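J.: Take a look at this one; I'll ask things after.
The values are calculated or read from the model by the stated rules, or taken from the named source; none is laboratory data. Model, not experiment: these values are computed from the prediction. When we count neighbours, we look across all protein chains shown, and the Cβ atoms used for this are built from the backbone with ideal geometry, even at glycine.
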Amino acid sequence: MVRMRMNQAVAAALGDEMREDPDVVVFGEDVAVAGGPFKTSDGLLEEFGPSRVRDTPISEMGFLGMAVGAAASGLRPVAEIMFIEFLGVALDMVVTEAGKFHFLSRGAFTCPMTVRASIGAGLGFGCQHSQTMENWMSHAPGLKMVMLSGPQSAYGLLRAAIRDPNPVVVLEPRALYGGRGQVTTGADGIIPLGEARRVREGDDVTVVSAGAMVKVALAAAEASDDWSAEVIDLQTLIPWDRDGVVSAVRRTGRLVIVEESPYTSGWGTEIAAYVGARLFGELRAPVLRITCPDVPVPFGRELEQRYMPNPGYVTDQIDQLLATGRVPDPWWVGEGRSS
Amino acid sequence: MGNGRRMERRRAVAADRVARYEQMVEIRAFEDRVQGLFAEGRVHGTTHTAQGQEAVAVGIAAAARPTDLVTCTYRGHGIGLALGMTPEVILGEIMGREIGCVGGIAGSMHLCDRELGLLPTFAIIGAGIPVAAGAALTAQVRGTDDVAIGVFGDGAANIGAFHEGLNLAAIWKLPVVFICENNQYGEYSRIDLTTPIEDLADRAASYGIPGIIVDGQDPDQTVEAVSAALDVARSGGGPTLLEMKTYRYAGHSRADKAEYRPEGEFERWYERDPINTFRARLESEGLLAAGDAEAIDGRVAARLEAALKAVEESPPATVDAMFGNIYAPV
């Protein structure tokens with residue numbers, strides 16, 4: 001075990017994969033000479049050289065297209081999108097090309113590319129640099145998608161993503177890059193895709209979260225003496241761990257989902273619908289989704305913190321769910337805003 | 001349909017000008033047949049045919065190795081045939097049958113043959129340009145002497161992927177040849193309505209790479225130009241943009257009668273029809289004797305009839321094919 005920040009865990013995963021497989025290459029804006037705007041590729045250029053670690057122009061469509069072609073012809077490219085919003089100009093390459101190559105070649109071609117993108121609010125980047133946008137990818141068969149929740153998660157999921165023969169999108173909450181934690185490196189540290197992880201035991205409610213919200217859900221659970229919450233880090237959003245989540249909720253009888261994204265069409269909507277349908281009649285309360293409101297991410301520090309679910313708010317929402325057996329209004333509806 | 005016959009077709013086009021002529025005749029007859037099948041209501045969906053552009057297709061196929069990966073557009077039947085794919089696997093794909101090159105789950109716009117070097121063809125304008133650069137990146141990183149070929153139409157020269165792909169290929173000196181089939185129309189719009197310059201090859205200058213105009217109606221010139229650009233790329237000289245001046249005889253897709261074309265334009269281009277002019281040249285050189293061209297026409301017609309029969313005997317695309325290749329197994 002090594003103690004490191006999450007951005008260092010990303011760099012460690014990249015370095016370990018590059019050491020083990022000469023076909024792994026890394027490119028993106030400012031990833032080589034500068035070591036990445038968030039220092040997630042620090043030291044790679046020095047160790048692996050300019051053929052395998054490359055700075056690109058500001059050309060997301062171009063370099064993600066290159067990742068598709070490189071992956072289909074035998075490399076395992078890892079492309080970095082500095083802010084997830086920049087993927088908007090290149091989404092075709094991920095959703096419509098990479099995600100379809102295996103299908104369109106009857107299995108003859110694979111597209112083992114990894115697209116890493118920083119996501120999320122909390123650092124004052126304003127509404128065009130703070131979204132999560134996971135649902136750009138979640139409606140597009142052929143892709144896999146994971147969301148990192150800390151240093152171990154970063155190391156383990158990223159290595160699994162690079163090794164996977166399919167295109168995988170890795171969403172990295174920017175606000176977590178500086179957070180430290182113990183990391184098991186090497187093969188033991190790799191986290192299989194498609195499996196959720198229980199991060200806290202509990203009996204009264206199952207809280208499913210992902211990314212930066214895992215820490216929020218944990219803190220909320222720790223704060224209550226009235227109920228005990230099991231907290232699950234979903235880890236892989238596509239394909240998500242249906243069996244794991246359903247069996248957890250079957251045991252507690254209550255499902256709460258905590259998401260850092262707008263209410264409408266979040267990843268939690270899919271989980272709520274699936275679990276609600278599968279466990280109808282077994283649930284002791286309606287499914288509760290705790291999300292951000294349907295507004296662009298605000299800039300002002302207090303507003304930005306208000307925008308995202310925080311531990312106190314999550315605890316309070318779960319208190320109300322358990323006390324009344326009904327889904328409480330989100331804070332903005334409680335204040336008279338429309339839902 | 002086996003691998004042997006596909007490679008044999010490819011070798012013939014690479015080796016022999018008369019075989020190239022026969023290949024061009026086959027492409028023209030195939031595309032005419034496809035249009036006929038749609039008109040008769042025997043095929044559903046859409047299709048995009050490439051009558052008039054046959055010399056570009058054989059130019060690429062004759063010059064490239066099967067290990068040189070090609071990205072191609074949704075107007076890809078001709079290039080697929082020239083690369084060695086058989087009429088029945090392309091027609092089967094167009095008609096949604098199991099015999100199709102992708103099992104009938106992809107359709108006319110999506111042809112693919114890994115052994116012949118054809119990546120899944122692109123139905124998004126321009127998308128194949130940076131993807132070709134990516135295939136070239138693999139060759140460069142691994143140190144092989146393969147070259148990638150990115151084929152696109154004039155309509156793609158105005159989308160960002162073109163500029164981003166050329167720029168990236170140029171700064172990294174990637175082994176890639178970009179081939180613009182300038183058939184004068186981007187979908188329903190004539191090029192001068194969408195593009196402020198006459199020669200798209202001029203755009204290469206912005207990226208510091210050679211931009212060469214090629215007579216896309218002459219298969220001898222297309223073969224020569226592609227071969228030369230491939231040699232440059234193979235020997236580390238970086239990318240080239242080839243602009244093949246050609247003409248699309250049909251409309252954009254099957255629903256388009258191309259009534260927007262100025263009067264006399266088709267006739268002017270048809271005077272330089274690539275098949276007629278090549279036939280005359282081969283006859284004057286003594287490579288086609290009296291009766292040879294007619295024999296080729298007959299062989300091609302018989303081959304296409306046999307292909308259609310094989311396709312019609314093939315079952316429709318299966319549910320297994322639909323679910324079979326969403327994810328590659330871990």
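J.: Among the hydroxyl-bearing types (Ser, Thr, Tyr) and assigned to a strand (DSSP E or B): which single residue out of A:185, A:206 fits that description?
T.: Values: A:185 fails: assigned to a strand (DSSP E or B).
Answer to the check: A:206.
J.: Report every pair of residues separated by at least 6 positions or lying on different chains whose Cβ atoms are under 7 Å apart, first residue within region B:1-26 and modelled with pLDDT under 95, second assigned to a helix (DSSP H, G or I) and charged (D, E, K, R).
T.: The qualifying pairs are B:1/B:88.
J.: Among the residues of region A:244-294, what is the count of those that are basic (Lys, Arg) and more than 20 Å from residue A:318 (Cβ to Cβ)?
T.: The number of residues fulfilling the criteria is 1.
J.: Assuming residue B:327 fulfils every condition listed in (1) within 14 Å of chain A (Cβ to nearest Cβ); (2) within 17 Å of residue B:30 (Cα to Cα) apart from one, which condition is it?
T.: (2)
J.: Next up: Residue by residue through region B:221-255, note down the ones that are loosely packed, with under 15 Cβ neighbours inside 10 Å and either of a type outside the set (Ser, Thr, Tyr) or in contact with a Lys or Arg (Cβ under 6 Å, 6 or more places away or on another chain) (or both).
T.: Across region B:221-255, the qualifying residues are B:231, B:236, B:237, B:255.
J.: Go over the candidates A:123, A:64, A:87 one by one and state the one that is modelled with pLDDT of 95 or more, surrounded by fewer than 19 Cβ atoms within 10 Å (Cβ to Cβ), of a type in the set (A, V, I, L, M) and in contact with a helix residue (DSSP H, G or I) (Cβ under 9 Å, 6 or more places away or on another chain). So that I can check it myself, show each step before the final result.
T.: Working: A:64 fails: surrounded by fewer than 19 Cβ atoms within 10 Å (Cβ to Cβ); A:87 fails: surrounded by fewer than 19 Cβ atoms within 10 Å (Cβ to Cβ).
Among A:123, A:64, A:87, only A:123 is modelled with pLDDT of 95 or more, surrounded by fewer than 19 Cβ atoms within 10 Å (Cβ to Cβ), of a type in the set (A, V, I, L, M) and in contact with a helix residue (DSSP H, G or I) (Cβ under 9 Å, 6 or more places away or on another chain).
J.: Taking residue B:219 and the conditions (1) at the interface with another protein chain (Cβ under 9 Å from one of its Cβ atoms); (2) out of contact with any strand residue (DSSP E or B) (no Cβ under 9 Å at 6 or more places or on another chain); (3) not acidic (Asp, Glu), which numbered condition does it fall short on, given that it satisfies the others?
T.: (1)
J.: A follow-up question, please. Would you confirm, using the coordinates I've provided, whether residue B:143 is over 16 Å from residue B:243 (Cα atoms), surrounded by fewer than 24 Cβ atoms within 10 Å (Cβ to Cβ) and more than 17 Å from the chain's Cα centre (by Cα)?
T.: Yes, satisfied.
J.: Does region B:149-203 hold any residues that are more than 21 Å from the chain's Cα centre (by Cα), surrounded by fewer than 18 Cβ atoms within 10 Å (Cβ to Cβ) and free of Cβ contacts under 8 Å to residues at least 40 places away in the same chain, and which are they?
T.: B:160, B:171, B:192, B:193, B:194, B:196, B:197, B:198, B:202
J.: For region B:310-325, what are the residues that are part of a helix (DSSP H, G or I) and under 12 Å from residue B:95 (Cα atoms)?
T.: Matches in region B:310-325: B:310, B:311, B:312, B:313.
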